[in-house]
Amino acid sequence: MADHDFLNARWSRRDWGRHALALALAPWSLPTAQAQVTSGTDAAKGPRWQVEPFSLGVASGQPRPDSVVLWTRLLIAEADAAHKAQPQSVLCEVFADEALRQPVRQWRVQTDASRAHSVHVIASGLQPGRNYWYRFVAGSATSPVGRTRTSPGDNDKVAQLRIAQTSCQHFEQGYFVAHREIARRDVDFVLFLGDYIYESSNPRYQVRKHIGGVPQTLDEYRQRHAQYKGDADLQACHAAHPWVMTWDDHEVVNDYANDRDMAYTDPEVFLRRRAAAYQAYFEHMPVRLGPDPAQPQRMRIHDQMRWGQLAELWTLDCRQYRSHQACPDPNRGGGRVVVGCTELQDAERSMLGPAQEQWLYPSLTQSTRRWKLLAQSTQMSSSGIATPLGRSSFTDGWDGYPLARERLLNTLAQAQLKDVLVLGGDVHMNVVANLRVRPNDDKSPVVASEMVTTSISSRGLSEAMLAQIRDNNPDIVHARADERGYTSLEVQPSGVLAQLRTTPHPVMPGSRLQTQAQWALSSGVAGWAKA
Ligand SMILES: [Fe+2]
């Protein structure tokens with residue numbers, strides 16, 4: 001059975017158990033993640049470069065109490081083309097201090113053209129809850145220095161967790177001034193919720209331009225990622241903090257669902273494109289796992305991490321395993337606004353896919369951490385509008401998977417979970433909302449709170465559209481689509497403070513952010529209050 005058949009298959013209770021078991025047994029650390037470690041510590045070995053090969057910067061991610069992923073990629077220029085075909089040896093050094101006087105550990109790894117000369121070192125043996133500094137050396141070149149941070153010990157009583165919540169950074173539609181500000185702030189990690197690159201262009205909004213057309217091949221996706229990683233503000237933000245990441249659709253192509261794209265391309269052909277996009281994504285991100293070597297169109301991005309006793313965070317994958325969008329237009333797939341689509345009421349449809357749902361629910365309901373943070377790519381609250389023919393649903397978002405949403409929120413309600421905060425992106429607006437099992441029904445209690453962050457740079461909805469959404473959805477307590485930026489979250493045992501940092505003008509390279517609004521949660525009470 002082909003992979004996509006398995007993913008799309010209707011599932012029975014027995015299948016759920018089987019897939020959950022397979023997932024539990026799957027090794028978390030596949031060999032693709034760690035570049036091959038070799039012996040020797042001679043930092044100077046390797047080429048004398050004509051052109052600086054560390055031009056894409058450095059990054060770190062997926063922090064654990066004892067480890068973090070350290071990333072770079074050698075971008076080998078034409079002047080150094082003779083070195084492209086050879087494997088390259090890279091030294092990775094970790095220090096306990098910013099002045100780099102206290103070495104902690106070092107690793108020498110090999111990389112080559114099959115992984116675009118990217119380097120992923122799982123820096124282990126570190127102490128919990130502290131900063132480290134790191135750099136890479138290859139031949140005559142030394143990379144910029146990055147700072148990273150391990151998570152606290154699992155049982156540590158920590159006073160706070162500071163997150164910069166981000167998504168949607170269309171390179172052509174604005175400058176990454178939000179990243180410039182985040183780089184200077186003291187946060188524990190950057191949470192990126194998808195649309196890291198965009199495959200497409202809108203000629204109406206271009207303050208700068210993509211190189212090349214819409215990527216289809218591995219080399220084209222590599223070029224797109226490399227262009228984004230060349231941005232100085234984005235590089236600064238990666239160098240300043242570890243990142244915790246999931247993806248949405250534009251890392252592959254707009255509105256893809258599982259094995260289907262908007263053009264209804266033959267799934268086998270589309271999955272080859274998806275494999276190329278996932279491979280390029282892995283090569284450019286500080287993530288532990290790459291594509292499954294046996295099935296390169298599959299790559300695990302969903303993950304779970306803890307912040308001492310204070311918080312547990314799940315990063316979810318809303319693209320790879322989802323059911324196809326309901327009631328599609330036969331001429332053009334992807335999401336659309338529908339009214340009276342009975343397929344939406346099919347309980348077997350899923351946003352996360354059966355295996356990911358079965359992975360999530362037990363760990364969510366059994367978590368003993370105070371705050372449960374569900375980090376996923378899009379808006380969970382409803383944004384439908386009343387029409388003469390019934391309420392509308394946008395089929396690409398959670399409104400297109402209403403029974404899957406109800407299943408998730410019911411799981412929270414039945415376990416009487418307190419302090420669940422759903423974090424999203426994708427919609428290019430700030431949305432602060434209360435989540436009920438039955439959306440917008442005040443007889444259905446609020447069971448969780450939602451914070452959707454606006455985009456770093458991607459254009460938002462018109463105010464006329466947004467006004468209709470607000471009027472039809474009392475669960476939404478704040479919605480603004482006119483500003484770009486990020487959301488600062490300060491999570492403490494007693495509550496959460498969310499600061500919406502925005503600018504109306506990311507088309508100006510020197511734009512500054514201000515605070516659009518502040519909202520707060522109190523521990524033990526679901527739902528937002530103005531701060
Ligand atoms: Fe987006």
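Annotations
- Single residue of Ala276, Ala239, Ala263 found to be away from the ligand (no atom under 16 Å from the Cβ), touching a residue at least 60 places away in the same chain (Cβ under 8 Å), more than 15 Å from the chain's Cα centre (by Cα) and assigned to a loop (DSSP other than H, G, I, E, B): Ala263
- Where Ala464 falls short, out of the listed (1) away from the ligand (no atom under 16 Å from the Cβ); (2) at pLDDT 95 or above: (2)
- Top-ranked residue in segment 391-420 [being open to solvent by 30 Å² or more (accessible area, probe 1.4 Å) and of a type outside the set (S, T, N, Q); ranked as nearest to Ser522 (Cα to Cα)]: Lys418
- Of all residues in segment 160-218, those satisfying the criterion of being among the charged types (D, E, K, R) and more than 12 Å from the ligand (Cβ to nearest atom) are Arg162, Glu172, Arg180, Glu181, Arg184, Arg185, Asp186, Asp188, Arg204, Arg208, Lys209.
- In segment 425-448, the residues that are on the phi > 0 side of the Ramachandran plot and of a type in the set (A, V, I, L, M) form no Cβ pair under 6 Å with any partner that is within 16 Å of the ligand (Cβ to nearest atom) and open to solvent by 10 Å² or more (accessible area, probe 1.4 Å), whether six or more places apart or across chains.
- Residue count for segment 67-108 under the criterion of being within 22 Å of the chain's Cα centre (by Cα) and over 23 Å from Asp219 (Cβ atoms): the result is 4.
- Of the residues making up segment 204-228, those that are surrounded by 13 or more Cβ atoms within 10 Å (Cβ to Cβ) and over 23 Å from the mean Cα position of the chain (by Cα) number 4.
- Listed by first and then second residue, the pairs with beta-carbon distance under 6 Å, at least 6 apart or on different chains, first residue in segment 342-362 and within 19 Å of Gln379 (Cβ to Cβ), second part of a helix (DSSP H, G or I), are Leu344/Pro402; Ser350/Ala404; Met351/Ala404.
- Between Gln416, Gln499, the distinction of being under 23 Å from the mean Cα position of the chain (by Cα) and either of a type in the set (S, T, N, Q) or more than 21 Å from Tyr198 (Cβ to Cβ) (or both) belongs to Gln499 only.
- Strands (runs of 3 or more DSSP E) contained entirely in segment 116-181, each with at least 3 residues that are open to solvent by less than 10 Å² (accessible area, probe 1.4 Å) and not aromatic (Phe, Trp, Tyr): 118-123, 161-166
- The residue that is nearest to Ala479 (Cα to Cα), counting only those in segment 510-531 that are out of contact with any Asp or Glu (no Cβ under 9 Å at 6 or more places or on another chain), of a type outside the set (A, V, I, L, M) and part of a loop (DSSP other than H, G, I, E, B), is Gly527.
- So Cys341, is it at positive phi, at pLDDT 95 or above, open to solvent by 10 Å² or more (accessible area, probe 1.4 Å) and touching a Cys at 6+ places or on another chain (Cβ under 8 Å): no
- Once segment 182-203 is narrowed to residues that are part of a loop (DSSP other than H, G, I, E, B) and either farther than 29 Å from Val69 by Cα or of a type in the set (A, V, I, L, M) (or both), the residue that is most open to solvent (accessible area, probe 1.4 Å) is Pro203.
- For segment 242-260, a residue qualifies if it is within 16 Å of the ligand (Cβ to nearest atom) and within 30 Å of Ala183 (Cβ to Cβ), and the qualifying residues are Met245, Thr246, Trp247, Asp248, Asp249, His250, Glu251, Val252, Val253, Asn254.
- Filtered residues of segment 477-493 (kept if open to solvent by less than 50 Å² (accessible area, probe 1.4 Å) and not in a loop (DSSP other than H, G, I, E, B)): His478, Ala479, Arg484, Gly485, Tyr486, Thr487, Ser488, Leu489, Val491
- Listed by first and then second residue, the pairs linking a residue in segment 185-196 that is more than 10 Å from Ala375 (Cα to Cα) to a residue that is assigned to a loop (DSSP other than H, G, I, E, B) and more than 16 Å from the ligand (Cβ to nearest atom), with Cβ atoms under 6 Å apart and 6 or more places separating them unless they lie on different chains, are Val187/His241; Phe189/His241; Val190/His241.
- Members of segment 443-459 that are β-branched (Val, Ile, Thr) and within 10 Å of the ligand (Cβ to nearest atom): Ile456
- Answer from Ala433, Ala448, Ala413 - the residue that is modelled with pLDDT of 95 or more, of a type outside the set (Val, Ile, Thr) and over 17 Å from Thr378 (Cβ atoms): Ala413
- Unmet requirement for Asp426, which otherwise passes all of (1) over 30 Å from Arg370 (Cβ atoms); (2) open to solvent by 20 Å² or more (accessible area, probe 1.4 Å); (3) within 16 Å of the ligand (Cβ to nearest atom): (1)
The values are calculated or read from the model by the stated rules, or taken from the named source; none is laboratory data. As the structure is a prediction and not an experimental result, all values here were calculated from the model. For neighbour counting, all protein chains shown are included, and Cβ atoms are generated from backbone atoms with ideal geometry for every residue, glycine included. Calculation scope for accessible area: heavy atoms of the full protein, side chains included, ligands and nucleic acids excluded. Shrake-Rupley method; radii C 1.70, N 1.55, O 1.52, S 1.80 Å.
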